[in-house]
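Take a look at the structure set out below.
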Amino acid sequence: SPQKVTVVESKTHPLGTTPKQREYQFVIISYNLVSSLEDNLHMMEFGMVICDESHYLKSAKAKRTKSLMRVMKRVRRLLMLSGTPALSRPVELFTVLNILDPRKWNSSKDFIARYCRAKKKKGKKMKPGAEFKGASNTHELHLILTDTLMIRRLKGDILKNLPKKHREIV
């Protein structure tokens, strides 16, 4: 029913501040508002969190990621969706993997060493992030992800009647 759904559109939304505001079954909120309403979100009990465009959570240092992580750690079910493929930088997957399964994906250093072609230049200290832009052991990573956490569907597999892409130079 409509009274069980709320769409948070501003920082002044009274989300979670009254018993009635805590009874919503569905809360729709943008990533930009999550950190502004973090305390309000913590007054609520969620059974599930669905993060659309979850690739926006690629940085564990970002405010929105930190705020959401506090909420997501308390839920029983978590679904993270993204239509953006991670083609060449496995390092951008780590935060989402850590959120989904912190026991399996608990060490960013190990992940970087195994899947990000991390290299230390001779005689130099490793700069954070600078040498992690590559990819290594991608076939292994793909197999692990598709076997445990990731379901990948192509548009053509789902929408059989999609017209062919039409490209033209204007």
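The values are calculated or read from the model by the stated rules, or taken from the named source; none is laboratory data. A quick note: this is a predicted structure, and the numbers were derived from the prediction, not measured. We place every Cβ from the backbone using ideal geometry, glycine too, and count neighbours over all the protein chains shown. Surface accessibility is based on the protein's heavy atoms, side chains included, excluding ligands, DNA and RNA. Shrake-Rupley method; radii C 1.70, N 1.55, O 1.52, S 1.80 Å.
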Rounded to 0.05, the calculated FRET efficiency for the beta carbons of Asn106 and Met48 at R₀ = 30 Å is 0.85
How much net charge surrounds Tyr56 when only other residues with a Cβ under 14 Å from its Cβ are counted (Lys, Arg +1; Asp, Glu -1)?
+2
Which whole-angstrom value gives the distance between the alpha carbon centres of region 15-30 and region 81-118?
32
Longest span of the chain, sites excluded, free of GluC sites (Glu not before Pro) in DSSP loop with at most 15 other C-beta atoms within 10 Å?
54-167
Would you calculate the separation in nanometres between label points at Phe26 and Glu140, each defined as 7 Å from the Cα along the Cα-to-beta-carbon direction?
4.2
What whole number of Å gives the distance from the Cα centroid of region 40-66 to the Cα centroid of region 138-170?
25
How much accessible area per residue does region 1-77 have, counting only protein heavy atoms and a probe of 1.4 Å, in square angstrom?
67
Charges at C-beta only: +1 for Lys and Arg, -1 for Asp and Glu. How large is the resulting dipole of the chain about its Cα centre, in Debye rounded to 20?
960
Summed side-chain charge close to His42 - residues other than His42 whose Cβ falls under 14 Å, Lys, Arg +1, Asp, Glu -1:
+2
Positive-end residue of Met48, Leu154, Cys116, charge dipole of the chain with Cβ unit charges:
Cys116
For the chain, what's the relative contact order in percent, using C-alpha pairs closer than 8 Å and at least 6 residues apart?
14
In debye, nearest 20: dipole of region 129-170 around its Cα centre with unit charges on the Cβ of K, R (+) and D, E (-)?
400
Region 1-45: relative contact order from alpha carbon pairs under 8 Å, six or more residues apart, as a whole percent, is 45
Report in % the part of the accessible area of the chain that belongs to carbon and sulfur, leaving out ligands and nucleic acids; probe 1.4 Å.
53
Among the listed pairs Lys11/Lys73; Lys58/Lys160; Lys66/Lys133, which have their C-alpha atoms separated by more than 26 angstrom in this model?
Lys58/Lys160
